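Before any comments, here is the structure.
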Amino acid sequence: MPLNGKVALVTGAGAGLGRAIALGYAAAGAQVLAISLHAHELDEVRATAKRDGLTISTLTSDVSDAEEADAAVRTAIDRWGRIDILVNNAAIIIVKPIEVTSVEEWDRLLAVNLRGPFLYSRACVPIMKSQRAGVIINVSSQSGVKGFIGEAAYCPSKFGLEGLTYTLALELEPWNIRVLTVHPGVGMQTPMSRTTYDEEARKTWQDPAILSPAFVALAATEDPGVSGRRFNAYELTSQLEREPQLDNRLWVSSY
């Protein structure tokens, strides 16, 4: 139970990778607040947790709303008195040529993918500073390091998330708050990929649940060397299967 006694907030936890992370954290012993815009998805998460003998608390909230972000953090503090782990996973995607991407679509995507992590980090940091410990995991993708056709909004949002990560890693180092990014490293079957993957790509997509060990390991380690780094969840999970210890071998999968 590597996360026993820890409290974790996971955004975008109603489906896909966020759901897998939330369930993985609960199985590892954490108290989890799973946050999603969609109440019906959270109903399914609770049902799955109950089936597996786990307990997950849920909250329906829009991550781009500042007041709702603050309220979500207060909910966790009122319930458990601390926050140890924040996973900024919530994201949406639009794949269109730039000339047909509307200003409204751009604004909404940046609000969820970049404003949301800013709001949740801003709300959690004072608590983590008072604890002099914590970890913020920002879920990125290959779109955070290279461009893709049709992603005139999505790529900038992930590039921005990478920049937020590197800045906060430096800013929060004196308080032992680790900030890092994780990208899946493998095609996943998620609500997002169902709208973007063609038939050929769908042949190799994976269940996001296979990646949860990487997120558990990164949340559990107290190695300050993970901060400011970018991890490939698939490679790290494969590495942990071969070498289950959590020491500096975590560095192998970062770049």
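Key figures
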| read-out | value |
| --- | --- |
| VAL100 being of a type outside the set (Gly, Ala, Ser) and within 16 Å of the chain's Cα centre (by Cα) | no |
| Evaluation of ALA153 against (1) buried (at least 19 other Cβ atoms within 10 Å of the Cβ); (2) at pLDDT 95 or above; (3) more than 22 Å from SER36 (Cα to Cα) (one fails), failing number | (3) |
| Within region 219-240, considering residues that are in contact with a strand residue (DSSP E or B) (Cβ under 6 Å, 6 or more places away or on another chain) and assigned to a helix (DSSP H, G or I), the one nearest to ILE137 (Cα to Cα) | ALA219 |
| Selected residue (criterion: modelled with the highest pLDDT) from residues of region 170-197 that are of a type in the set (Ser, Thr, Tyr) and in a loop (DSSP other than H, G, I, E, B) | THR190 |
| Members of region 1-33 found to be surrounded by fewer than 24 Cβ atoms within 10 Å (Cβ to Cβ) and either in contact with a His (Cβ under 8 Å, 6 or more places away or on another chain) or polar (S, T, N, Q) (or both), listed by number | ASN4, ALA15, GLN31 |
| Lone qualifier among ALA39, ALA13, ALA71, ALA34 - being hydrophobic (A, V, I, L, M, F, W, C), within 29 Å of GLY147 (Cβ to Cβ) and at pLDDT 95 or above | ALA13 |
| Qualifying residue in region 133-146 (condition: under 20 Å from PHE231 (Cα atoms), out of contact with any strand residue (DSSP E or B) (no Cβ under 7 Å at 6 or more places or on another chain) and either surrounded by fewer than 19 Cβ atoms within 10 Å (Cβ to Cβ) or of a type in the set (A, V, I, L, M, F, W, C) (or both)) | yes |
| Close pairs (7 angstrom Cβ cut-off, 6 or more residues apart or separate chains): closer than 15 Å to PHE215 by Cβ in region 79-94, basic (Lys, Arg) anywhere | ASP84/LYS6; ILE85/LYS6 |
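The values are calculated or read from the model by the stated rules, or taken from the named source; none is laboratory data. Keep in mind that this is a model prediction, so the values were computed, not measured. Counting neighbours? That spans all protein chains shown, and the Cβs are built from the backbone with ideal geometry, glycine included.
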